[in-house]
Structure formats: structure tokens, C-alpha cells
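**Student:** Take a look at this one; I'll ask things after.
The values are calculated or read from the model by the stated rules, or taken from the named source; none is laboratory data. For clarity, every value in this text was computed on a predicted model and none was experimentally measured. Backbone-built Cβ (ideal geometry, glycine too); neighbour counts: all protein chains shown.
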Amino acid sequence: MKLYRSKIEPLAKDILGTLNAARDIEVAPGQVTEAELDVRAILDQYVKVEEEVWERAKDLVQQRNLPQSELARVRRIVADERKHKIGDDGIDWIIDQLIEGFLVSANVEEVFADDPTLRRRIYDVMRKHLEDDNSVDLEVRGRLKHLQEGTPAWEIEYQKVLHEVRKKRGAA
């Protein structure tokens, strides 16, 4: 699952809304906006580091004249060096940070649920938001099989086709 910047705001609202509605946490009505900003900050930080890892991996592949097929391997190495979790481990890291954030936030009045319950609910919300992006990503990649992934041409075409697919699905 990949987290996109465009998903951060709706994801933060849904996570907080779901946990508040289930009475897993209590956020005072006047603090909802601030609590959402706390959640968004954690998600933003993850995406920022993720983008830095991708850029560093691309730079290393180019500097070392490696084939583009090595990009994923180099990305994993860069992520490990930065102690940045990717893939499902990244989702687990985000959830850990959110739970810890709820426990120390001045904007969350009380946490009623135990960690496994919070983890399950947050994961379900994230999966709901991010699965649609996975299907979009798979469709876009399917249309770009004629291009080498990681090349400038692939990056440009990916963004164009991504916009088309999202528009077709009503998500653009």
C-alpha cells in the first residue's frame, strides 16, 4: 500500500472519526481540528521521508549506472540505512506512531481502547483508503508496460495515465 499526499487529509479525518465514533478515543468537539492536524503531521512525515528515500535511490541508480530494474533493491537499501519502514512495515510504523501520538496528545482527552483494538481499527481505515489507490496503481502500471519503470519518460507518462484513470473513476 502506498500513501499519497492527496490521501492524507481524508485519511486523518476518517481515522479520527472512526476511533471517536467507536468510543476508542475521546476528542472534544473544539479539539477535532487540532487532533486531525496531529494525525496529518505523522502521515506527512512518513510521506516526506518516503519521497526522500525514492529520490536518493533514483540518484544512486543513476550515479552508479545501474539498470532501472535495480531501483527497488536500492530503495530497500536506502530505506534500511535511514531506518525507514516501507510496505506493510511502513503501515505498522504509521499505526505505532498514531497510537503513541494519541496517548501523549493534548488534543485527545482520553484513550479508552487497548493497543490491539486501536491498531485493528486504524489498519481497517487505512486499508479502505489505500486499496483503491493500489488498484489504480496496478491499472496505470498495466498501461505502461511498454516503458522502463524509473525512467523520466515512465515518470511523466505515469502521472498522465494516473490522472486519466482517476478522472475515469471520478477521483480526480
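**Student:** (1) of a type outside the set (Gly, Ala, Ser); (2) assigned to a helix (DSSP H, G or I); (3) in contact (Cβ under 8 Å) with a residue 24 or more places away in the chain; (4) crowded, with 19+ Cβ neighbours inside 10 Å: which one isn't true of ARG75, the others all being true?
**Tutor:** Going through the list (1) of a type outside the set (Gly, Ala, Ser); (2) assigned to a helix (DSSP H, G or I); (3) in contact (Cβ under 8 Å) with a residue 24 or more places away in the chain; (4) crowded, with 19+ Cβ neighbours inside 10 Å, ARG75 breaks only (3).
**Student:** Checking the conditions here, which among ASP59, ASP80, ASP124 is among the acidic types (Asp, Glu) and either within 30 Å of THR18 (Cβ to Cβ) or in contact with a His (Cβ under 9 Å, 6 or more places away or on another chain) (or both)?
**Tutor:** ASP124
**Student:** Next up: Pull up the stretch 122-172, narrow it to residues that are hydroxyl-bearing (Ser, Thr, Tyr) and in contact with a helix residue (DSSP H, G or I) (Cβ under 9 Å, 6 or more places away or on another chain), then point me to the one that is surrounded by the most Cβ atoms within 10 Å (Cβ to Cβ).
**Tutor:** Looking at the filtered set, the residue picked out is TYR158.
**Student:** Any residue at all in the stretch 14-35 that is under 27 Å from LEU162 (Cα atoms) and in a helix (DSSP H, G or I)?
**Tutor:** yes
To keep it simple, each residue is scored yes or no on (1) among the aromatic types (Phe, Trp, Tyr); (2) surrounded by 15 or more Cβ atoms within 10 Å (Cβ to Cβ).
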position: ARG5; (1), (2): no, no
position: ALA21; (1), (2): no, no
position: ASP24; (1), (2): no, yes
position: ALA35; (1), (2): no, yes
position: ASP44; (1), (2): no, yes
position: TRP54; (1), (2): yes, yes
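**Student:** Sticking with this one: Test GLU110 against the criterion of being in contact with a strand residue (DSSP E or B) (Cβ under 7 Å, 6 or more places away or on another chain) and surrounded by fewer than 16 Cβ atoms within 10 Å (Cβ to Cβ), and give yes or no.
**Tutor:** yes
**Student:** For the stretch 39-58, give me the residue count where each residue is modelled with pLDDT under 95 and either basic (Lys, Arg) or more than 19 Å from LYS7 (Cβ to Cβ) (or both).
**Tutor:** Qualifying residue count, the stretch 39-58: 3.
The rows are residues; the columns are (1) among the aromatic types (Phe, Trp, Tyr); (2) closer than 28 Å to ALA57 by Cβ.
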position: ASP80; (1), (2): no, yes
position: PHE102; (1), (2): yes, no
position: ALA113; (1), (2): no, no
position: LEU118; (1), (2): no, no
position: ASP124; (1), (2): no, no
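**Student:** What pairs can you find where one residue is in the stretch 135-159 and in contact (Cβ under 8 Å) with a residue 12 or more places away in the chain and more than 14 Å from ARG169 (Cβ to Cβ), the other is among the acidic types (Asp, Glu) and assigned to a helix (DSSP H, G or I), and their Cβ atoms are less than 7 Å apart, with a gap of 6+ or different chains?
**Tutor:** LEU144/GLU157
**Student:** Among the listed residues ILE94, ILE86, identify the single one that is outside any helix (DSSP H, G or I), among the hydrophobic types (A, V, I, L, M, F, W, C) and under 30 Å from GLY150 (Cα atoms).
**Tutor:** Criteria check complete, one pass: ILE86.
**Student:** Restricting attention to the stretch 104-139, and to residues there that are under 14 Å from ARG166 (Cβ atoms) and charged (D, E, K, R), which single residue is modelled with the highest pLDDT?
**Tutor:** Applying the filter and picking the extreme gives GLU139.
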